[in-house]
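A short worksheet on the structure shown next.
What follows is calculated from the coordinates using simple rules that are stated; it is not laboratory data. As the structure is a computational prediction, the values presented were derived from the model and not from experiment. Please note: Cβ atoms are built from the backbone with ideal geometry, for glycine as well, and neighbour counts cover all protein chains shown.
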Amino acid sequence: MKINGHGNISNNPYKHQLNKQTQQQPQHMKQDQIQISKEALEMQKSGKASTERMEKVEHLKNQIQSGNYQVDAAEVAKKFYDFWTKS
């Protein structure tokens, strides 16, 4: 019985594919970037919250801790509606 080669073994397509991969230039890794608005940068630089806001936050903390804080569902729903329907 005689077996003839069907092609040259050096013509291996997988070897050619491997050679192509090694010849390609390594791609540069992309880096994440962020953009911070001017207002946010100013807030970071100042590092201080307004006194009115601090008083409001302290008042809400006290209400929550004492159990007297009540959420007005209608007001929350209205704010959501206004936000999502604003054009």
Open item on the list: Within 11 Å, Cβ to Cβ, of His59, how many net charges do the neighbouring residues add up to if Lys/Arg are +1 and Asp/Glu are -1?
Closed with: 0
TODO: Using θ = phi - 60° and the Karplus relation 6.51 cos²θ - 1.76 cosθ + 1.60, list the HN-Hα couplings for the range 31-46 in order, rounded to whole Hz, with x at every Gly or Pro.
DONE: 10, 6, 9, 10, 10, 10, 5, 4, 5, 5, 5, 5, 5, 5, 5, 5
